[in-house]
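Peer 1: Have a look at this one before I ask anything.
Where a number appears in this text, it was derived from the coordinates with a stated rule and is not lab data. Just so you know, these numbers come straight off a predicted model, no measurement behind them. Cβ atoms come from the backbone with ideal geometry, glycine included; neighbour counts cover every protein chain shown.
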């Protein structure tokens, strides 16, 4: 794996860190390759339940694309699959939590957005800055499921930053914590999820993704199909049994 993305395994939880603090964790070729490998490895690990994505240092989660590399290569429109994006060109069935420390600008906001949950430092700032450098933000349509339309439009057209307290108020963030509590808070969140039934967690994640694409009736039918194998699983019997026996469930994921 590229040194520009590093992983740590804490039991059932992986920490994936963009490791270019001197470049504000900007996305270059090494970061793109490292993120792809990290999440493919996470998905393939049967013991892994939840991942936390963060950036090295305290000033930046990710400042977006490495514009110096982009300029040197003369990159125009990025080719398909240029950046690994969970839910688009990268299949990850397990939950991923963004732990945003510092700025999450442009592609950095995209990396936070592709995660299922987001915890942010009180010192974080988010911005969609492509309008400032003449680039595109074709990744932004999911914002309409996460923010009011006029707030999203303001962010897209001005490139102005928005702080974590406002995003928490708008429902975009799950938690806002002091900087020194960011990773512990994200890990605590991850452990709560990791302790739950893995088949149910995976189906819930897929249900939310499908529901964003469908109307109410179609989404309800899709949810019935998604959870059919969950109801029929060994874990569906283990959960009530553990409750009756007053013990923690021993999930098998089958």
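Peer 1: Would you please calculate the Kirkwood hydrodynamic radius of the chain over all C-alpha pairs and express it in Å, rounded to one decimal?
Peer 2: This gives a value of 19.2 Å.
Peer 1: With just the Cα atoms defining each centre, how far is region 18-71 from region 105-171? Give it in Å.
Peer 2: Their Cα centres are 18 Å away from one another.
Peer 1: Given a Förster distance of 22 Å, report the FRET efficiency between residue 82 and residue 9 from their Cβ-Cβ distance, rounded to the nearest 0.05.
Peer 2: 0.20
Peer 1: Residues of region 206-250 with amide nitrogen under 17 Å from the 7 Å Cα-to-Cβ point of residue 191?
Peer 2: Label zone hits: 248-249.
Peer 1: Divide by every residue of the chain the summed helix terms, -39500 (n - 2.57) for each DSSP H run of at least 4, and state the resulting mean residue ellipticity at 222 nm, rounded to the nearest 500 deg cm²/dmol.
Peer 2: -12000 deg cm²/dmol
Peer 1: Which one, 208, 114, 125, has the greatest fluctuation when you compute a Gaussian network model over the chain with C-alpha springs under 10 angstrom?
Peer 2: Of 208, 114, 125, the Gaussian network model singles out 208 as fluctuating most.
Peer 1: Could you please state, rounded to a whole Å, how far the C-alpha centre of region 177-207 is from the C-alpha centre of region 221-254?
Peer 2: Measuring centre to centre over Cα atoms gives 19 Å.
Peer 1: Moving to a separate point now. Taking the beta-carbon count within 10 Å as an exposure proxy, list 129, 217 from fewest neighbours to most.
Peer 2: On the way: 129 22, 217 8.
Arranged by neighbour count, lowest to highest, 129, 217 become 217, 129.
Peer 1: Which ordering of 3, 116, 165 is given by a fewest-first count of other beta-carbon atoms within 10 Å?
Peer 2: 3, 165, 116
Peer 1: Please compute the contact order of the chain in relative form: average sequence separation of alpha-carbon pairs under 8 Å and at least six residues apart, divided by the residue count, as a percent.
Peer 2: Computed over the chain, the figure is 16 percent.
Peer 1: Please report the antiparallel percentage of the DSSP beta bridges confined to the chain, to the nearest 5. If you can, show how the numbers build up before the last one.
Peer 2: Values: 7 of 30 bridges.
Around 25 percent antiparallel, to the nearest 5.
Peer 1: Suppose R0 equals 25 Å. What FRET efficiency, 1/(1 + (r/R0)^6) with r the Cβ-Cβ distance, do residue 237 and residue 46 give to the nearest 0.05?
Peer 2: The computed FRET efficiency comes out at 0.75.
Peer 1: Could you check the spin-label model distance between residue 133 and residue 224? Points 7 Å from the Cα along Cα→Cβ, value in nm.
Peer 2: Distance between the two pseudo-spin positions: 4.9 nm.
Peer 1: For 244, 12, what's the fewest-to-most ordering of other Cβ within 10 Å of each Cβ?
Peer 2: 244, 12
Peer 1: Now a separate question. Give the angle, between 0 and 90 degrees and rounded to the nearest 10, that separates the Cα long axis of helix 216-231 from the longest principal axis of the Cα atoms of the chain.
Peer 2: 50 degrees
Peer 1: What residue among 193, 27, 18 has the largest mean-square fluctuation in a Gaussian network model of the chain, using Cα springs under 10 Å?
Peer 2: Highest fluctuation of the listed residues: 193.
Peer 1: Taking a label point 7 Å from the Cα of residue 68 along the Cα→Cβ vector, which residues of region 3-30 have an amide N closer than 16 Å to it?
Peer 2: Under cut-off, by backbone N: 4, 19-30.
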